[in-house]
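In what follows, a structure is listed as structure tokens, so that the remarks can point back to it.
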Amino acid sequence: MENRHFRALMKSAESLTRSQREKLRQHLDACQSSEDSHRALNRHEPKACRYCQEKALVRNGFQNGMQRFLCRDCGRSSCATSETPLGRLRNKEKLAAFANCMREGLTVRETAARMGFSVDRAFRWRHLFLKNAVDYQPKDLTGVVEIDETYFRHSRKGDRHVRKSRHRGGKGSTRGRLAKEWVPVLIGRARGRPFVIDAVLPKMTTVAVDAVLVDAIDPLNAVVCADSLPAFKGLEQRLQVRCDLFVQGQPASKGVHVQSVNAYHESLKTWINRDLRGVATKYLSNYLAWHRLSFWEKSTVSAPDWVGCALGRQLINL
Ligand SMILES: [Zn+2]
């Protein structure tokens, strides 16, 4: 805009009424959010064709503010969101604003109110953002890795006509942990570093534990610390990794503890059970990913990073 036009605009703003000023402020916020969204999307340009995985991409103009690419191999056109969970979303100009809601950990109703969405739509967007992040697990961790299990009540929150509601989480039908009522979650944490492994397990068995840990730790350079749960016994032989396990429920020596992973359990359980009032079991792995992203290195994951994560860029646990 030319300077004289801008000065005229500023001059005319002085005569706005209070409600007009509020509308103008909202409009400017929306313009800023749209620019941030497109900038975030363009920051995560595809490195290869989404359809044939060839790297022969050339820039091919813009569409709706997004850079488009043409694949020289298959001739198909794509952009940053093609073939990702965000691909078919309308209102992509609101992605940055939505990413901010995720970063701030807003509830679905607070998000809906801020974004001008219905609650259903805010919920749908939330899980599209988290879909890819579930797999952002660490690979070949070295050093001391503490592992421990925790349990969440099986929940069908959101399903209709299931049974009488269970207020505030309720209590199990027995004092023990019946498999049908409790969902096991395995957490691993590299001591003194921000790397976190998390997984919802079908059952707390050796096979399930091994499947999670086999790629996550480097057996030659890692030491696994864990308590004396039956599923952890024999890890040393199965994964060929050094293990410092508890003996009869007690640490074998001074350095053997699982305090880092227990501290993570504490904040995870407080957030899920108290702040979110419980989550549906079918979405539990998404919430583990959200917690992992939120607590990554004192929350240095910015709104554009959140958009990148939703697009399939692993920015944490690398
Ligand atoms: Zn292609």
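Note on the chain: with charges restricted to the Cβ of Lys and Arg (+1) and Asp and Glu (-1), its dipole about the Cα centre is near 1420 debye.
With 30 Å as the cut-off, how large is the P(r) tail for the chain, expressed as percent of Cα-Cα pairs? Above the 30 Å cut-off, the chain has 48 percent of its Cα pairs. When peptides 62-71, 32-41 are ranked by their average number of other Cβ atoms within 10 Å per residue, the highest-first order is 32-41, 62-71.
Note on Thr270 and Glu2: the extension gain reaches 91.1 nm, defined as 0.36 nm multiplied by sequence separation minus the Cα-Cα distance. Unpartnered cysteines of the chain (Cβ-Cβ under 4.7 Å counts as a partner)? Isolated Cys, the chain: Cys31, Cys79, Cys101, Cys225, Cys243, Cys309.
Report note on the peptides 275-283, 215-223, 187-195: ranked by the mean count of other C-beta atoms within 10 Å, highest first, their order is 187-195, 215-223, 275-283. Between Met10 and Arg193, with labels modelled 7 Å along Cα→Cβ, what's the label distance in nm to one decimal, could you check? Computed distance between label sites Met10 and Arg193 equals 5.2 nm.
The alpha-carbon of Lys94 sits under 22 angstrom from the alpha-carbons of these lysines, leaving out residues fewer than 8 places away in its chain: Lys23, Lys131.
Comparing Asn3, Cys49, Ser294 along the charge dipole axis of the chain, the residue lying farthest to the positive side is Asn3, per the Cβ-charge model. For Lys180, the lysines whose Cα comes closer than 19 Å to its Cα, not counting residues fewer than 8 places off in the same chain, are Lys157, Lys164, Lys171, Lys203, Lys282.
Per-residue ellipticity at 222 nm, computed for the chain from helices alone with -39500 (n - 2.57) per DSSP H run of at least four residues, works out to -11000 deg cm²/dmol. Farthest toward the positive end of the dipole of the chain, out of Gln20, Ala97, Thr206, is the Cα of Gln20, where the dipole comes from beta carbon charges about the Cα centre.
Once the chain from Arg160 to Cys31 is taken as fully extended at 0.36 nm per residue, the excess over their C-alpha distance is 42.5 nm. Here Asp215 and Thr107 are evaluated by their C-beta separation; at R0 = 25 Å the FRET efficiency comes out at 0.15. Ordered by the number of other Cβ atoms lying within 10 Å of each residue's own Cβ, fewest first, Glu146, Glu236, Glu93 fall into the sequence Glu236, Glu93, Glu146. Bridge orientation summary for the range 184-282: considering DSSP beta bridges with both residues in this region, about 60 percent are antiparallel. Relative to the dominant Cα principal axis of the chain, helix 3-13 is inclined by about 80°.
With a Förster radius of 30 Å applied to the C-beta separation of Val119 and Ser77, the computed FRET efficiency comes to 0.30. As a calculated quantity, the FRET efficiency between Asp135 and Arg18 at R0 = 35 Å, using C-beta atoms, amounts to about 0.10.
The mean sequence separation of alpha-carbon pairs under 8 Å and at least six residues apart, normalised by the residue count of the chain, gives a relative contact order of 21 percent. Antiparallel beta bridges, as assigned by DSSP with both residues in the chain, represent about 70 percent of the total such bridges. Once Lys and Arg get +1 and Asp and Glu get -1 on their Cβ, which of Cys71, Trp271, Val108 lies farthest toward the positive end of the dipole of the chain? Projecting each Cα onto the dipole axis, the largest value belongs to Val108. Across the range 47-64, rounded Karplus estimates of 3J(HN,Hα) from the backbone phi angles (6.51 cos²θ - 1.76 cosθ + 1.60, θ = phi - 60°) give 8, 9, 4, 5, 9, 10, 6, 6, 9, 7, 9, 10, 5, 9, x, 10, 9, 6 Hz, Gly and Pro being marked x.
Taking the longest Cα principal axis of the chain as reference, the axis of helix 18-43 is set at about 60 degrees.
Taking Cβ atoms as reference points and 10 Å as the exclusive limit, the residues near Asp148 contribute a net charge of -2, counting Lys and Arg as +1 and Asp and Glu as -1. Each of Leu57, Leu95 was scored by other Cβ atoms within 10 Å of its Cβ. Listed from fewest to most, they are Leu57, Leu95.
Every number in this text was worked out from the coordinates using simple rules, so none of it is lab data. Remember, predicted model here, so these are calculated numbers, not experimental data. Glycine gets a Cβ as well: all are built from the backbone with ideal geometry, and neighbour counts include every protein chain shown.
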